[in-house]
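Only one structure is covered here, and it is reproduced in the block below.
The values are calculated or read from the model by the stated rules, or taken from the named source; none is laboratory data. No experiment lies behind these values; they were computed from the predicted model shown. In this analysis, Cβ positions are derived from the backbone assuming ideal geometry, glycine residues included, and neighbour counts consider all displayed protein chains.
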Amino acid sequence: MSFKVNQDYLKLPGSYLFSTTGRKIREYAQAHPDQKVIKLSIGDVTQPLAPAIIDALHGAVDEMAAAETFKGYAPDLGYEFLRNAIADNDYKARGCDIAADEIFVSDGAKCDSANIQEIFSKDNKIAVCDPVYPVYVDTNVMAGRTGVYDKIGETWSDVIYMPCTKETGFAPEIPTQTPDIIYLCFPNNPTGATITKDALQEWVDYANKVGAVIIYDAAYEAYISEDNVPHTIYECEGARTCAIELRSFSKNAGFTGVRLGFTVIPKDLKDGDVMLHSLWARRHGTKYNGAPYIIQKAGEAVYSEAGKAQLKEQVAYYMKNASYIYDGLKSAGYSVSGGVNAPYIWLETPKGMGSWEFFDYLLENAQVAGTPGAGFGPSGEGYFRLTAFGSYENTVEAIERIKRM
Ligand SMILES: Cc1ncc(COP(=O)(O)O)c(C=O)c1O
C-alpha cells in the first residue's frame, strides 16, 4: 500500500455531534417502539415551503421543459437576478454598501463556512466562540491549522477559544492572544444569544486594528426581533475592510433540503493588494459549478412581496414555539436564555448533571431529544440546546413532558 490518507483527518476527535445524538435517539426508539420521541435536537425546519416558493419552483421546472427557456450550467457565482435581489433587500435596504458582484451564491452556509478557510494561509490562527457551531473548528482541523488536541481539555493548541457562558452574558470577549481569523455567529447557534450593534462595532474596530478577518455567520438573521441587534455586519462602519458574511436560505425560508446560501466578500477586503474576493471567485470557479437555476428562482421568490409576507409568518410560527419553550422551562425552574432573537433555547442542566447525562435523562424520562452543550465545546458543558423548529403540537407536548419529570 503506497497511498496515504490525509493525516489531519485522523486528528478529528469522535464523530460529528449530530451523528452521535442521532444514533442514541435511534437506539432508544428501537428499544422502546411504543414510545414517541419528540426531537427538539437538530436545527432542521419542519414547515413546508411557502406557496410563493413552490410557485417559483414549478415555474422554473416548466422553463426547463422548453428548449427556448432551458438552462444548463449556472454562472458559478450565481445568476444576476438573485444576486441583485440579495444586494437590494439584504443590504441596500438596510443602508449597507454591498454590490451584487460582491455576493457569491452557493448551496448553503455549511459548505461556505467549511470552505472559506481554504483561501487563508495555513499558519493563520483562528479564534472561535466556545461553544461553537462545530464546522468552523473541524474544517480547520482537516486543513491542519489547529495544532495538537488536548483530550482532557477538549481543545486544540492552536485555536483561540472565546468562552461564551452565563458569566460573559453568552458573548465573546476580545481575546488576549491576537487571532488572524475570527469566527462570529449571531444570532448564535447554539446559545441563541445575540450581540448589539455597538458590541459588534467593537469587534470590527478590533479586527481592523490588528489586521484580522471576521467570518460573520448570519444564518439566523431572520429571527432577530429586537431593534438594537444588527442584521448584517455591514451595518458596522469599517466592516468592508475586515468582514466576510455568510448567509443561508435554510432557516429564513425552510431551504434545508432545497439548498441555497451565499457569501459576501467586499472588494475592499485585502491582504496587501490581493483581494480575498478574487481568491474566493477563483475557488468557486474551480471547485463549484453553480447552484441550480430552479433553486435560484426559488431563492428569488424569497424576496417577492408574497414570499416576504409568507416567510414572516413562518418565522413567527417557530418563534411562538421558542417562547413556549422559554416560558415553560422557566416556570419549571430552569435557568434559560436565547429564544428571543433565535430559534434556539439554551438551558442550564440541573445541578451536578453533565450535558450528555442530561441528554440521556431527558430521552429516558420525557422521550424528548435535545443537544448536549458539551458537543459544541468545553464551555458548553453544563448547558443544553432545544430548538424551536418542531411543530407547535410537538413542542407543547415536549414541554409538558419536561414539566412533569
Ligand atoms: C451557524 C450555522 N451556520 C450554517 C449552518 C448551515 O446552513 P446551511 O443549511 O445553509 O448549510 C447552520 C445550520 O444549522 C448553522 O447553524
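Only one entry of Y326, Y318 meets the criterion of being surrounded by 22 or more Cβ atoms within 10 Å (Cβ to Cβ), away from the ligand (no atom under 16 Å from the Cβ) and not assigned by TED's automatic domain parsing to the domain that holds N84, and that entry is Y326. Within the bounds of the stretch 103-113, is there any residue that is farther than 18 Å from P190 by Cα, surrounded by fewer than 16 Cβ atoms within 10 Å (Cβ to Cβ) and either in contact with a Cys (Cβ under 9 Å, 6 or more places away or on another chain) or modelled with pLDDT of 95 or more (or both)? No - not one qualifying residue is present in the stretch 103-113.
Determine if the stretch 138-145 includes at least one residue that is more than 21 Å from the chain's Cα centre (by Cα) and surrounded by 16 or more Cβ atoms within 10 Å (Cβ to Cβ). Scanning the stretch 138-145 turns up at least one residue that is more than 21 Å from the chain's Cα centre (by Cα) and surrounded by 16 or more Cβ atoms within 10 Å (Cβ to Cβ). Given the structure, is G257 surrounded by fewer than 18 Cβ atoms within 10 Å (Cβ to Cβ), within 16 Å of the ligand (Cβ to nearest atom) and either modelled with pLDDT of 95 or more or among the aromatic types (F, W, Y) (or both)? Considered against the rule, which asks whether it is surrounded by fewer than 18 Cβ atoms within 10 Å (Cβ to Cβ), within 16 Å of the ligand (Cβ to nearest atom) and either modelled with pLDDT of 95 or more or among the aromatic types (F, W, Y) (or both), G257 comes out as yes. Applying the set (1) within 16 Å of the ligand (Cβ to nearest atom); (2) in contact with a Phe, Trp or Tyr (Cβ under 9 Å, 6 or more places away or on another chain) to T139 leaves exactly one unmet item: (2).
With respect to being of a type in the set (D, E) and over 22 Å from V264 (Cβ atoms), D150 fits the description. Taking the stretch 174-214, which residues are closer than 30 Å to A388 by Cβ and β-branched (V, I, T)? Selection gives I182, T191, T194, I195, T196, V204, I214. Of the strands (runs of 3 or more DSSP E) lying entirely inside the stretch 76-163, those carrying at least 1 residues that are more than 14 Å from E245 (Cα to Cα) are 126-130, 159-163.
Considering only residues in the stretch 238-292 that are of a type in the set (K, R) and in a helix (DSSP H, G or I), the one that is nearest to A74 (Cα to Cα) turns out to be K287.
Contact annotation: residue pairs with Cβ atoms under 6 Å, 6 or more positions apart or on different chains, pairing a residue in the stretch 148-174 that is on the phi > 0 side of the Ramachandran plot with a partner that is of a type in the set (A, V, I, L, M, F, W, C), are F170/C164; F170/A193. Considering every residue within the stretch 153-162, establish whether at least one is in contact with a Cys (Cβ under 7 Å, 6 or more places away or on another chain) and within 16 Å of the ligand (Cβ to nearest atom). Yes, the conditions are met somewhere in the stretch 153-162.
For G14, state whether it is surrounded by fewer than 10 Cβ atoms within 10 Å (Cβ to Cβ) and under 22 Å from the mean Cα position of the chain (by Cα). Yes, satisfied.
The C-beta contact set for the stretch 302-330 (first residue within 26 Å of Y383 (Cβ to Cβ), second residue modelled with pLDDT under 95 and not charged (D, E, K, R), distance under 6 angstrom, 6+ apart or interchain) is empty. Among the residues examined, P350 qualifies as over 13 Å from P131 (Cβ atoms), at pLDDT below 95 and of a type outside the set (A, V, I, L, M). Has the stretch 63-77 got at least one residue that is within 16 Å of the ligand (Cβ to nearest atom) and assigned by TED's automatic domain parsing to the domain that holds E245? No, because not a single residue in the stretch 63-77 is within 16 Å of the ligand (Cβ to nearest atom) and assigned by TED's automatic domain parsing to the domain that holds E245. Residues of the stretch 204-237 that are assigned to a helix (DSSP H, G or I), more than 16 Å from the ligand (Cβ to nearest atom), within 17 Å of D90 (Cα to Cα) and of a type outside the set (S, T, Y): E235 alone. Of D180, D123, D88, all but one fail to be in the same structural domain as I195 (by TED's automatic domain parsing), at pLDDT 95 or above and surrounded by 15 or more Cβ atoms within 10 Å (Cβ to Cβ); the exception is D180. In the stretch 329-362, the residue that is surrounded by the most Cβ atoms within 10 Å (Cβ to Cβ) out of those that are farther than 20 Å from P372 by Cβ and of a type in the set (S, T, N, Q) is N341. Of all residues being touching a residue at least 60 places away in the same chain (Cβ under 8 Å) and closer than 22 Å to D34 by Cβ in the stretch 367-394, which is surrounded by the most Cβ atoms within 10 Å (Cβ to Cβ)? Just the residue, please. So, considering only residues that are touching a residue at least 60 places away in the same chain (Cβ under 8 Å) and closer than 22 Å to D34 by Cβ, the one surrounded by the most Cβ atoms within 10 Å (Cβ to Cβ) is G370.
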